[in-house]
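The values are calculated or read from the model by the stated rules, or taken from the named source; none is laboratory data. Note that the coordinates shown come from a computational prediction; the quantities given were computed from them, not determined experimentally. Cβ placement follows ideal geometry from the backbone for every residue including glycine, while neighbour counts extend to all protein chains displayed. Each accessible area value is taken on the protein alone, full model and side chains, heavy atoms only, with ligands, DNA and RNA left out. Shrake-Rupley method; radii C 1.70, N 1.55, O 1.52, S 1.80 Å.
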Amino acid sequence: MRRIVRAVAVGAAAALLAACGSSSGGGSGGQASGSAAPTKVKLQLQWFTQAQFAGYFAAVDQGFFRDQGLDVEILEGGVDIVPQTVLAQGQADFAVAWVPKALASREQGAGITDVAQVFQRSGTLQVSFKDKRIAGPADLRGKKVGNWGFGNEFELFAGMTGAGLDPAKDVTLVQQQFDMQALLKGDIDAAQAMTYNEYAQVLEAKNPKTGKLYQPSDFAVLNWNDVGTAMLQDAVWANTDKLQSDTAYQDTTVKFLTGALKGWAFCRDNAEKCRDIVVAKGSKLGNSHQLWQMNEINKLIWPSPGGIGVVDTAAWTRTVGVALKAKNAEGKTVLTAQPEGLAYTNDYARKAVDALKAQNVDVTGSAWKPVTVTLNEGGA
């Protein structure tokens, strides 16, 4: 069953909306002009509750959505939930999804548009023990290489292809679970990991040789941002038809992004508070793990030179290029042609950024520095 978090506009904020005669709508159950009741909006996440989505939970907790006259329901994701499909089928008003996966859905007919590119960088790694001597993609030759599949593997495949390897012949591909047990047990030589989740898991594990936790120096890490095959990941997606025809939905999109992006700025400046918010919402991961995750998520967002949520054209072009060229083990690419129609727009994110600037919110995070987080065994 999906867990739902709701932010309700009440009291002074609702009264202010009524006094101003504000009209907003476009969400499921939008209200008529002049009504003090909030506009209802559903946001579909792509995974379980964790700091990967802390900005949205913070926007609920801190009243940022409420201040925009929105009543937001956050729908938890999971293994069997495809957020862009939920959005395309009208079961949510907005969804968080990786760009290549959402573009593949668009190519299959989903009418969705990237309206805010929250993550400016990829968080995907390939992790191995240092003694495997895997310093670059070419060193994966002859190795047992884990990957999750389900569209998560194309940065890895692009990296191997670029290094002259044939993923179907030159490595042994292993279907990896969403954990690091196969790497820790020695069943595979290199494992797929997110900077903010699975990589922390190996650092939360005890080294049987020392009796202490593993250290970063025990591992070699391939970062696809450094290799040059990184693809854009978490973005906010909206209904394309409504963006082009429904003025109330357009207005709601700006308001939603204003609240959500303010939530992310809040989490940049209040990492521990946002950790606590996510843990309170029911995350099954421990306190130290969630603080690590919050810090690593901030690294993927900040700095945002063009303003948080604004799509960087070069990063988008690289993502599409990898999606068109990189082949998986079956010889298939993410995309068969350039995205058509309104694949992304910066119009709404820029309006939200302007609104936040008017509130003196730092929208670029140029001065932000990551903090040092100490992990505990098992992420406790």
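Side notes on the structure shown:
- Loop-resident chymotrypsin sites (Phe, Trp or Tyr not before Pro) (DSSP state other than H, G, I, E or B) in the stretch 121-207 with no more than 11 further Cβ atoms inside 10 Å of their Cβ: PHE150.
- For the stretch 226-265 and the stretch 93-172, distance of Cα centres in Å: 23
- With K and R counted +1 and D and E -1, the other residues having a Cβ less than 15 Å from that of THR210 yield a net charge of 0.
- For the listed residue pairs LYS132/LYS325; LYS185/LYS212; LYS42/LYS327; LYS273/LYS369, the alpha carbons are over 25 angstrom apart in LYS132/LYS325; LYS42/LYS327.
- The stretch 232-380 - Rg and Dmax from Cα coordinates, angstrom: 18.1, 52
- Note on the chain: the alpha carbon radius of gyration divided by the globular reference 2.2 N^0.38 Å gives 1.00.
- Principal axis dimensions, largest first and in whole angstrom, of the stretch 142-257 by Cα: 62, 36, 24
- Å² of accessible area per residue within the stretch 288-351, as computed with a 1.4 Å probe and no ligands counted: 43
- Atom-type composition of the exposed protein surface of the stretch 176-218 places 48 percent of the accessible area on carbon and sulfur (1.4 angstrom probe).
- Carbon and sulfur %, accessible surface of the stretch 249-366 computed with the full protein complex present, 1.4 Å: 48
- Considered as an equivalent ellipsoid built on the Cα gyration tensor, the stretch 60-173 has semi-axes of 37, 17, 12 Å, the largest given first.
- Choice from THR336, THR258, THR124 with maximal GNM fluctuation in the chain (Cα, 10 Å cutoff): THR336
- With only Cα atoms counted, the stretch 247-313 has Rg and Dmax values of 14.0, 44 Å.
- Two-site FRET efficiency, LYS185 against ALA280, from Cβ-Cβ distance with R₀ of 35 Å, rounded to 0.05: 0.55
- The stretch 294-380: GluC sites (Glu not before Pro) in DSSP loop, at most 11 other beta carbons within 10 Å: GLU330, GLU340
- What the stretch 129-228 shows is 47 Å² of accessible area per residue, with the surface traced by a 1.4 Å probe over protein heavy atoms.
- Solution diffusion estimate, µm²/s, Stokes-Einstein, the stretch 88-148, Kirkwood Rh from C-alpha pairs, 37 °C, viscosity 0.692 mPa s: 218
- Against the chain, whose longest principal axis is taken from its Cα atoms, helix 347-358 shows a tilt of about 70°.
- With the simple spin-label model, which puts each label point 7 Å out from Cα in the Cβ direction, the GLN108 to LEU324 separation comes to 2.2 nm.
- Over the residues of the chain, the helix contribution to mean residue ellipticity at 222 nm works out to -10500 deg cm²/dmol, using -39500 (n - 2.57) for each DSSP H run of at least 4.
- Calculated Rg and Dmax of the stretch 39-103 using C-alpha coordinates, Å: 11.8, 33
- Sparse-neighbourhood loop sites, trypsin sites (Lys or Arg not before Pro) in the stretch 183-218 - DSSP loop, at most 15 other Cβ within 10 angstrom: LYS185, LYS209, LYS212
- Separation of the ALA337 and ASP354 label points, Cα + 7 Å toward Cβ, nm: 3.5
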